[in-house]
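*Asks:* Here it is: the structure, laid out below.
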Amino acid sequence: MAACFSPATGAIPTNPLLRPTSSTGLKSPHQLLAFTSKRRISRISCTSSDGIRNDRKAPATRRDLLIGMGGIYGSAALDPSIAFADPIQPPDLTKCGPASVTTTGPTVQCCPPFKGPHNIIDFKLPSPRELVRTRPAAHLVDKAYIKKYERAIQLMRSLPDDDPRSFKQQADVHCAYCNGAYDQIGFPETGLQVHFSWIFFPFHRLYLYFFERILGKLIDDPTFALPYWNWDSPPGMNMPAIFTDPNSPLYDPIRNPTHSDPSFMLDLDWSREDIVVSPEEQIKSNLNLMNTQMVSGAKKRTLFFGTPLKAGDAAANTGQGSIERSPHMNIHIWTGDPKQAHTEDMGNFYSAGRDPIFYCHHANVDRMWDLWKTLGPRRTDFTDPDWLEAAFVFYDEDKNLVRCKVKDCLDSRKLNYDYQKVPIPWLDTKRTPKAKKKTLANAFATEKFANAAPPKKRELTPLSAFPLVLNKAISVVVPRGKRSRSVAEKEEEEEILVVEGIEFDRGNVVKFDVALNDEDSTGAPAGPQDTEFAGTFVNVPHREKAGAPSFKAVLRLGITDLLDDLGADDDDTVVVTLVPKVGEVKIGGLKIDYITD
Ligand code: C2O
């Protein structure tokens, strides 16, 4: 704690990203220090409260000064809540270093062609007089659109490699922000990572915004809009055909060859193994997963967006939101080539942007953000200044370096784009409990074979056995703090299952599934086709900063609706089944918790 009060000694930052671009009226070092010390006091009270953050470093004195300055930039200058805020800062492009592919794998260079000093401009919304760009579903586009889109990508591919608008540089934006090329300013030990937390949606929205505008500018079409991969609806549950023509600039040869056939169905819960089921079963499983991730398991903001990430926090797979975890991650791995050393291109963050399909995949991820906000009264953006003020830098269509904040991108209509409307078939999917299906099957079996064995109960692993290596499916009885709650109480507080202390190698594909009250051990454990399925944990291979310590991840699943569907809300305990699917993982423990946000 004492470290929090060490005096600030820093000078005015030399990083051009942090220099004010407009006059703020608050410039003297004394004023900066006043902000700085206030912030420190707030920091002490806030570090203890949420229990979500991890490995928070003692604040560096120079950083404190920088953050103090961060609060006095721009129009928010006089809002005291922002002066106390601790948002993620844009990276210092001059300090971009090599990115690493995996934990032990090679490093790659994916820094922007930054030959500073550069003038960095603050983001401005596009003129409302611009025509709206309507992003079409990829399976619904016509020939004229495909021609236009191919031409735009072709032109982008033929820009010189050191042009920040070139396809190579655009792909490298993802690599640099995701594979440890940047430190957080003031935290040389902590890499900047835009996945696994509440900055996932806004970062990728802004990234696509500029990518789309660059393409539009290259073909001189201010209405050009990226297509979206409508994987949440049956006609979009395959690789969109526009990406599969080997002669098209939209093609990428480094993909899973089996999945590159548009007649092969996409499994949104893909576990690195093709289990071919009937199209009806696959659709049911996919729609159930979508419903879990968008509706029943995403009733609180932190469950949908992911948990807070503030300056100095390491985003180490700790706080993924539901959609980011699945199907977003699964589709990355499903698309990448399993024969490549690091599941390139889509199956690793450093290379994902090299496949044009990446931007189409992320357009649908982005669409989920818009849709989620229409699903109920509490489905709103965060108002925490630590989210709103978090910032990134991108090159725009005129090669300007632009500093953007999360608060700039909350409303896609203000960014002048929208999505083509299509039916949303996952809104009210009805699941069937596996237990019921079994009972029917057993009744039938008993008639036919008089002495058929009754369903076997899974063996139970005691909570005291944790931490443990998850090398087989295990079931654990977990106590619930509250039961038989009223509708109003359930609205207010979401019951969540927390899988804590998850350890694994971040350079590998890892997946395990979670089911509730799936006690019959005679069949396969519950999957998204069954009511009992609570969710899944997925890691796309990536690397934090080279040499960074390894962190334990946390999985949080909203289960209030699920317990109701299972008729289990009056029980004192719930049986949690953990099923390893891919890779090696160690689990620290399980608990039930109740959250309001
Ligand atoms: Cu930045 Cu789909 O990942």
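*Asks:* Can you pull out the trypsin sites (Lys or Arg not before Pro) in segment 461-516 whose DSSP state is coil and whose Cβ has at most 13 other Cβ atoms within 10 Å?
*Replies:* Here the sparse-neighbourhood loop sites are Lys472, Lys482.
*Asks:* Shifting gears a bit: Give me the number: length gained by fully extending Val487 to Asp398, i.e. 0.36 nm times residue separation minus the C-alpha to C-alpha distance, one decimal in nm.
*Replies:* 26.8 nm is the gain from fully extending Val487 to Asp398.
*Asks:* Run through segment 233-282 and list the GluC sites (Glu not before Pro) located in a DSSP loop whose Cβ has at most 10 other Cβ atoms within 10 Å.
*Replies:* Glu273
*Asks:* Non-local amide H neighbours of Thr573 (under 5 Å, H modeled in plane, Pro and chain starts lacking H): which ones?
*Replies:* Under 5 Å from the amide H of Thr573 lie the amide H atoms of Arg480, each far enough along the sequence or on another chain.
*Asks:* Given a cut-off of 20 Å, name the pairs among Lys284/Lys586; Lys490/Lys581; Lys300/Lys434; Lys300/Lys414; Lys299/Lys482 whose C-alpha atoms lie farther apart than that in the structure shown.
*Replies:* In this structure, Lys284/Lys586; Lys490/Lys581; Lys300/Lys434; Lys300/Lys414 exceed 20 Å between Cα atoms.
*Asks:* Tell me the label-point distance for the pair Glu280, Thr380, using the 7 Å Cα-to-Cβ offset, in nm and rounded to one decimal.
*Replies:* Reported label-point gap for Glu280 and Thr380 is 4.4 nm.
*Asks:* Segment 150-217 to segment 253-326: how many Å between their Cα centroids?
*Replies:* So the two Cα centres are separated by 22 Å.
Rule-based calculations on the coordinates, nothing more; no lab input. Just so we're clear, the structure is a prediction, and the values are computed from it rather than from any experiment. Every residue, glycine among them, receives a Cβ derived from its backbone with ideal geometry; neighbour counts consider all protein chains shown.
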